Amino acid sequence: MISNSRDIKEKIALLLNERLKQNGFVYKKTSNEFIISENDCIFIFNMLLTAWSDHYSLGVRLYISQKKVEKIYEDILGKSHKLTIGNSIERISKSSDGREVINGDMVILLIQDEDLEAAVETLERYYNDIAKPYFEQYQTLDAINDIMNNPPFEYCPAHVGGNFDDRCMKGLIVARLVDNPNYEHLVAIYDEAIKETMNTKSIENYYRVREYLMYNRIK
């Protein structure tokens, strides 16, 4: 088995790049992910390589960065990890309605050299069968608002995931951007939800976002 994680990443990236670049994706070595920017979104196919005592494992996470949402978030708080929605590929794949969180195991095991090419085949299948439809489904603010803010409401939908405090703040930003008619009701929901973080800074940031949205027009 190749013992160097850098070599494994480079080998997989080289093979997968030949396939994903046809769809416009570019490989980012520092974060071991493929990204593409389309209109107001950046779509991210992230690969997390983990070293164990006798093998490696490779997990996949899908993220969408909505540029308008992230710009407003940064205008208010000054920084963002720039990930609007996303989750592990197994949670996205196994949640039929996009809301209920269903755990699963879609981690790719790398034990021998021969596993690398098979891993690339699996990654390509994950992209075609799961990532591509996910990116297509949430390429608009209305679609993101639907999964984040419309009934049946879930605090952390499977297709959204992310840090819970960011989920609350960005949920409000998205609701404002699409003029969600239930905005005041959502504020009441998020006011209660944010308390679950038990983190003073997160709660302070949430109220900064809420106050900003109350007194400023955004678009």
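Some values worked out for this structure:
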| quantity | calculated |
| --- | --- |
| Cβ pairs under 6 Å, 6+ apart, first in the stretch 201-217 and farther than 15 Å from Gly78 by Cα, second surrounded by 12 or more Cβ atoms within 10 Å (Cβ to Cβ) and aliphatic (A, V, I, L, M) | Ile203/Ile194; Leu213/Leu172 |
| Checklist (1) in a helix (DSSP H, G or I); (2) at pLDDT 95 or above applied to Glu18, failing item | (2) |
| Members of the stretch 134-156 that are within 14 Å of the chain's Cα centre (by Cα), modelled with pLDDT of 95 or more and not β-branched (Val, Ile, Thr) | Tyr134, Phe135, Glu136, Gln137, Tyr138, Gln139, Met148 |
| Criterion: of a type outside the set (Val, Ile, Thr), modelled with pLDDT of 95 or more and over 19 Å from Ile144 (Cβ atoms) - qualifying residue of Ser88, Ser57, Ser65, Ser37 | Ser57 |
| Leu172, sole failed condition from (1) farther than 30 Å from Glu18 by Cβ; (2) modelled with pLDDT of 95 or more; (3) hydrophobic (A, V, I, L, M, F, W, C); (4) part of a loop (DSSP other than H, G, I, E, B) | (4) |
| Matching residues in the stretch 36-66 - criterion: being in contact with a Ser or Thr (Cβ under 6 Å, 6 or more places away or on another chain) and not aliphatic (A, V, I, L, M) | Thr50, Ser57, Arg61, Ser65, Gln66 |
| Pair list, Cβ under 9 Å, 6 or more apart: the stretch 122-143 residue at negative phi, other residue assigned to a helix (DSSP H, G or I) and basic (Lys, Arg) | Leu123/Arg19; Glu124/Arg19; Tyr127/Arg19; Leu141/Lys68 |
| The stretch 184-196 residues that are in contact (Cβ under 8 Å) with a residue 24 or more places away in the chain and farther than 13 Å from Asp165 by Cα, paired with ones that are of a type in the set (A, V, I, L, M, F, W, C) and surrounded by 12 or more Cβ atoms within 10 Å (Cβ to Cβ) (beta carbon under 6 Å, 6 or more apart) | Leu186/Ala175 |
| Residue that is farthest from Asp113 (Cα to Cα) [pool: residues in the stretch 45-67 that are free of Cβ contacts under 8 Å to residues at least 24 places away in the same chain and surrounded by fewer than 21 Cβ atoms within 10 Å (Cβ to Cβ)] | Asn46 |
| Options Ser65, Ser31; residue that is closer than 30 Å to Val209 by Cα and in contact with a Gly (Cβ under 9 Å, 6 or more places away or on another chain) | Ser65 |
| Output for the stretch 28-44, where each listed residue is surrounded by 12 or more Cβ atoms within 10 Å (Cβ to Cβ) and on the phi > 0 side of the Ramachandran plot | Asn32 |
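Residue by residue, here is whether (1) among the aliphatic types (A, V, I, L, M); (2) part of a strand (DSSP E or B) holds:
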residue	(1), (2)
Asp54	no, no
Leu58	yes, yes
Asp75	no, no
Asn87	no, yes
Glu90	no, no
Thr122	no, no
Arg125	no, no
Tyr134	no, no
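The values are calculated or read from the model by the stated rules, or taken from the named source; none is laboratory data. What you see is a predicted model, and the numbers here were worked out from it, not measured in a lab. No Cβ is skipped: glycine too gets one built from the backbone with ideal geometry, and neighbour counts run over all protein chains shown.
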